[in-house]
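Chemist: Just dropping this structure here.
The values are calculated or read from the model by the stated rules, or taken from the named source; none is laboratory data. Keep in mind that what you see is a predicted model, and the values were worked out from it rather than measured. When we count neighbours, we look across all protein chains shown, and the Cβ atoms used for this are built from the backbone with ideal geometry, even at glycine. Protein only, heavy atoms only, side chains kept; ligands, DNA and RNA dropped before computing areas. Shrake-Rupley method; radii C 1.70, N 1.55, O 1.52, S 1.80 Å.
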Amino acid sequence: MTLGKFATAREILRFEGLDERAYWQRFAMLLSLAVIIATMGLLRDSGAVIIAAMLVAPLMTPILGIAAAITMGWVGRAGWLLLVVWAAAACAVGVAWAIVFLSDVPRGILLPHEVLSRTDPGAEDLVIALAAGVAGAYVQINRSEASLLPGAAIGVSLVPPLSAAGILLYYGQHSAAFEAVLLFATNFGAIIFSACMVYIASGAGRSLLRSERRRLRFTFGIGATLAFLAAVFIPLFSATLFRYLETGTETALAEAAQRWAGPVPMEILRVDVDAETRRAEIWALVDLPAEAQERLATAEELLPKRLRDTPFRQVAQDVLGPDYTVVIRYQTRFSWSVDLGTETISPLTEMPPLPAG
């Protein structure tokens, strides 16, 4: 990367240039529009609308500016842009909260999936942000590849987590709001680090770090970035580890439930295991015996005899251990077997055998 390219980019990345006021106005307008679009998309549970907000959001530019300033040894300018980004982030959270408040959205409704999906960041989000940072820095250096910029903007999520945090704060979900901000912080730190590496690899190391003073400033800046990433990675790794442990336990519990049911037709709809709260939930559909149609009884008494005689407690304890609480949610149904050759219809009392091979 030549000094000429860096000097040209500097005016954009530092919020300076011939018309600084116009740039600030443009930044504020685009950020406000992005937050409005993202918030409404999250409330409507619309992924397409959220993607539109990612394309409008202007936060990628000052974050790349921080990386450029660190690479050139401009610690003061990096600190200034750092304040700009986090002040903008705080405003984005506040605007999202205000939108939900003014919309008078009932507090008792279930949170949309798109909101909840931004409350569980993991190590994979760090990998995505690192790759997006590389793409964004590459496009910034190579203007001929500007067509790749929308892909980089979609690949990294900056405004949607902030909007999700504002929504969650309105609903009083403070812990989940923190997780959404953690996702933003992950993207923030990863983009800075990967963009610095791209700038160095593009020639900035030879052109801009010959001065001892600049080398020290660059070392300080990249060291602070790595320390920030390390602090972010600890909860991300913990969340990812819990997620993999929970997924394995859910599979084991579902398989144990199917073995426990044996020949009784039972369909496992969903299994959720929360390793942190030590709580598991199972959703299932159970076929009732034919005679259950002819008598009145409780749902438990109508279950097939095998399920009533063999306690599920020991099965779940073997998988989860004694310190878990298990919630079992089941629905009952009647099933019939229709012989198409003889037109015989009979109650389905056992699962049909699997075909050989």
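Chemist: Let's test this: bin the Cα-Cα distances of the stretch 36-139 at 5 Å from zero up to the farthest pair and state each bin's percent.
Modeler: Bin by bin from 0 Å, the calculated values are 2, 10, 15, 20, 21, 14, 9, 6, 2, 1, 0.
Chemist: Next up: Hey, could you get me the Stokes-Einstein D for the stretch 19-76, Kirkwood radius over alpha-carbon pairs, 25 °C and 0.890 mPa s, rounded to whole µm² s⁻¹? Working shown, then result.
Modeler: Values: Rh = 12.8 Å.
For the chosen part, D equals 192 µm²/s.
Chemist: Let me ask something else about it. With a Förster radius of 45 Å, plug the Cβ-Cβ distance of His113 and Arg213 into 1/(1 + (r/R0)^6) and report the FRET value to the nearest 0.05. Don't skip to the end; give the middle numbers.
Modeler: Values: r = 51 Å, r/R0 = 1.13.
The computed FRET efficiency comes out at 0.35.
Chemist: Figure the gain on full extension for Trp283 and Ala48 (residue separation times 0.36 nm, minus the Cα-Cα span) and round it to one decimal in nm. Working shown, then result.
Modeler: Working: separation 235, 0.36 × 235 = 84.60 nm, distance 3.08 nm.
Contour length minus the Cα-Cα distance gives 81.5 nm.
Chemist: Roughly how many Å² is the accessible area per residue of the stretch 43-86, as a whole number, for a 1.4 Å probe? Walk me through the numbers before you get to the answer.
Modeler: Values: 1600 Å² over 44 residues.
That works out to 36 Å² for each residue.
Chemist: Subtracting the Cα-Cα distance from 0.36 nm times the residue separation, let me have the gained length for Phe233 to Phe312 in nm, one decimal.
Modeler: Working: separation 79, 0.36 × 79 = 28.44 nm, distance 3.89 nm.
This chain segment gains 24.6 nm when fully extended.
Chemist: Continuing with this model, one more query. Put +1 on the Cβ of every Lys and Arg and -1 on every Asp and Glu Cβ in the stretch 184-269; which of Leu269, Tyr244, Ile191 then has its Cα farthest towards the positive end of the dipole?
Modeler: Ile191
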